[in-house]
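Structure first, then comments.
The values are calculated or read from the model by the stated rules, or taken from the named source; none is laboratory data. Bear in mind the structure is a predicted one, so any value in this text is a computation, not a measurement. When we count neighbours, we look across all protein chains shown, and the Cβ atoms used for this are built from the backbone with ideal geometry, even at glycine.
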Amino acid sequence: MRRRVFFLVIILLLLFSGLTYAASKVFEMKVLKVNDQTYEYEPSNLITNSESDRVKWFVTKIAESLNAMIKWNEADKTIEVVKPNVQMITAMNVGKDNKERWVIEGPFGRVKKGQKFEKFYVFTELQNLPAGNVNVRLVVEAPGQSTYSADEFVATDVPPINNSAYWITFEVKNANFAKEGSYKILLQMKLDGDTSFVTVAQKEIISN
């Protein structure tokens, strides 16, 4: 009897260890490739390198590559990827005529290196926005991650929006295209409860 119990215990231990090993190996992916970009998973803390952490990292990276936002709902155990439809036009002037129709003057996407504008405008059309308040901002990124002074490329602030479709005109002051290359106009959003902004669309201005 003792021998049978001994063997049963051994079998259960082997079965349990096998299931534990299999469960820990369900999601073993380490590298994500999106077009020409490669991301390698590097856990911030090896002790908490769980399957959940790994899946969350991959979902976040995929959303970032799609310029999308993520809504994590722990209570319902759901992940919602929100991808707004965004159209951006850079122009020297944006306004409305006497019939309240939008008028865009002097659209451009290329400038001469060293050219300066006292101001220009970014006309932005937003659709497919998530429910609730959404914080929106415009950021200009200089070529090669280079920096510029705090008083350059200053975009107007806008209040949170909460409509499924929206039009925003950003005014960008003190534009100095001092460097050669691609200036990226980034539209960023942040959902209620999130701690950081996510880029959902971008447009390039080429300086040469």
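Tabulated results
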| item | result |
| --- | --- |
| Number of the exception - SER196 against (1) out of contact with any Leu (no Cβ under 8 Å at 6 or more places or on another chain); (2) under 24 Å from LYS61 (Cβ atoms); (3) of a type in the set (Gly, Ala, Ser); (4) surrounded by 16 or more Cβ atoms within 10 Å (Cβ to Cβ) | (4) |
| Listing of strands (runs of 3 or more DSSP E) fully contained in region 97-208 that carry 2 or more residues being among the acidic types (Asp, Glu) | 116-127 |
| Among residues of region 74-96, those that are over 20 Å from LEU129 (Cβ atoms) and in a loop (DSSP other than H, G, I, E, B), counted | 4 |
| Members of region 60-113 found to be at pLDDT 85 or above, more than 22 Å from GLN188 (Cα to Cα) and of a type in the set (Val, Ile, Thr), listed by number | VAL103, ILE104, VAL111 |
| Out of GLU100, GLU118, GLU105, GLU125, sole residue that is assigned by TED's automatic domain parsing to the domain that holds ASN162 and touching a Lys or Arg at 6+ places or on another chain (Cβ under 9 Å) | GLU118 |
| Among (1) assigned by TED's automatic domain parsing to the domain that holds LEU186; (2) assigned to a strand (DSSP E or B) - the single one LYS71 does not satisfy | (1) |
